[in-house]
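The values are calculated or read from the model by the stated rules, or taken from the named source; none is laboratory data. Note that the coordinates shown come from a computational prediction; the quantities given were computed from them, not determined experimentally. Please note that ligands, DNA and RNA were not included when accessible areas were found on the heavy atoms of the full protein model with its side chains. Shrake-Rupley method; radii C 1.70, N 1.55, O 1.52, S 1.80 Å.
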Amino acid sequence: MRGQRDDAAPGRRAAPPQPSPQPPPHEAGRRARRRAASPRRRLTAMGWVSVAMAVVLVAAVLGAYGYYRYVLSGLRTEPINAGPNRPPDTGALNVLLVGSDSRDGDNKKYGAKSQGLGERTDTIMLLHVAPNRDNATVISFPRDTMVMIPECEGRNGATLPGGLRQINSAFNDGGINCTIMTLESLTGINVNHFVKVDFTGFKAIIDAIGGIEICLPKAVDDPQAKLRLGAGKHVVDGEQALGYVRTRYALGDGSDLGRIQRQQVFLTKVAEKVTDGGLLTDPGRLNGFLQAAVRAVTVDDRLTVERMLEIGDSIRGLTAKELRGITVPVEPYPPDTARVQLAQPAARDFFEAVRNDVEVTAAPTPGKPATPKIEHGQVRLQILNATGEQGKAGQVADELSAQGFVVTHVGNAAPVATTTIRYAKKDTQDGPAYGDAVAARLSKAKRTPVAGKVRPVSMEAYEPQAGSTAGAQGKRKAGRPDGPVIQLVIGADWPGVRVLSAIPDSLKDKVVDSETNPCL
């Protein structure tokens with residue numbers, strides 16, 4: 001008999017509880033603002049690096065260090081007030097990442113004439129971490145995308161009328177809350193938190209982690225971005241890194257889209273440096289990094305230390321390889337081709353895919369030898385529950401059958417701690433490839449199939465529950481699979497099943513990940 005199912009959706013976490021908001025900080029006086037007279041004066045801050053590092057990747061280790069708790073308690077905060085009609089919280093983590101180009105204080109060297117004129121942004125990104133925390137996507141919105149901005153409160157306290165304007169004007173004129181309202185209305189994605197960073201803060205963060213290796217396809221001499229380097233690889237400090245992510249006309253085709261792709265590659269390198277470069281195990285370096293991050297950022301008042309610890313614990317297994325970047329689908333804006341607009345229906349389909357927590361996968365690398373692909377419908381599966389949780393095998397069978405696998409049997413096995421994918425010892429030639437097809441659909445780190453099956457305690461033919469679409473889809477796709485039978489043994493560490501990607505093929509060549517050529 002099939003066991004009773006859990007009520008929770010398989011493979012998903014419930015939305016984490018939100019801590020009570022802290023009192024909003026004292027509101028600074030309003031300042032008059034002016035727009036830049038020339039596009040070349042609009043410089044990108046790239047403050048998003050601090051989120052992925054200071055909040056997401058470092059937070060998991062903070063519980064052991066009371067001092068770090070004290071350091072992070074000094075973060076500057078602002079409240080989120082994005083109105084009553086917001087998208088539902090799906091359990092995903094969505095963090096708005098904004099770079100501020102204020103020229104006040106230490107930033108005056110980047111435009112002294114703009115001191116006292118407020119802040120603008122040319123960097124708007126949304127960090128999306130799936131509910132089961134097995135992949136992260138940085139979604140970039142080009143600054144000159146023409147969108148409908150909802151009515152919101154302006155920086156001077158007056159009501160800003162809604163209308164068609166550049167997306168960065170939401171921040172320039174209305175601040176962080178107007179930006180959140182705009183993104184939520186465009187995407188239907190709930191923005192949980194925000195982080196804002198300025199020029200000086202970005203530099204301090206890069207210096208604190210010991211610089212980042214970049215690659216230039218040609219020599220660059222850009223006085224505007226203050227970047228002067230030869231072709232090839234360089235380890236750049238904070239000042240040089242700021243120039244690298246700001247430069248627009250000296251590299252690529254001079255477009256903002258090219259610069260965004262370069263910024264996303266840079267983020268993957270930062271993620272690799274933080275996770276693999278020893279930062280998290282070196283208290284001295286970690287302290288310097290956190291000190292720099294705290295001085296650099298402003299966050300929402302719900303992003304408390306406790307919330308950071310909660311987030312950090314939930315994504316403990318996430319590595320730089322699971323971090324991907326993509327720019328929203330855009331096309332030229334007909335009235336002014338120097339600007340862009342969302343390309344439909346690609347943008348609408350993309351936002352729906354993100355809301356449904358599908359993967360964003362990159363296109364294959366040109367010239368890289370391809371291994372024979374095992375289709376899901378070729379794989380026959382026995383699924384054994386070794387967790388002691390009633391109905392687990394049937395639940396997982398439904399999920400994998402819905403993805404096209406041919407589940408033949410479900411059952412139980414003696415309790416084990418570790419989930420394994422197994423093939424018969426006689427199938428050493430084909431078994432690993434078929435097992436890999438299953439391993440690729442499990443969340444967290446990929447598991448290596450092993451030879452030798454376990455003896456079931458009980459087993460029966462798999463039949464989906466009445467009314468379920470699972471199973472039928474897999475059997476329709478399968479035809480007559482004749483490959484080895486793979487055994488999935490669900491252990492106590494069961495990571496969950498990844499959902500299938502629904503990202504359109506037209507976007508796959510736009511994805512940036514750790515395999516992307518850094519010489520852009």
remark   = In segment 139-204 the accessible area split gives carbon plus sulfur, as whole percent at 1.4 Å, a share of 53 percent
query = In what sequence, largest accessible area first, do Thr516, Thr145 appear using a 1.4 Å probe?
reply = Thr516, Thr145
request  = Please calculate how many Å² of accessible area segment 173-256 carries per residue, with a 1.4 Å probe and no DNA, RNA or ligand atoms counted.
outcome  = 32 Å²
ask   = Which pairs, out of Lys203/Lys273; Lys269/Lys508; Lys425/Lys453; Lys233/Lys269, put more than 18 Å between their alpha-carbon atoms?
value = Lys269/Lys508
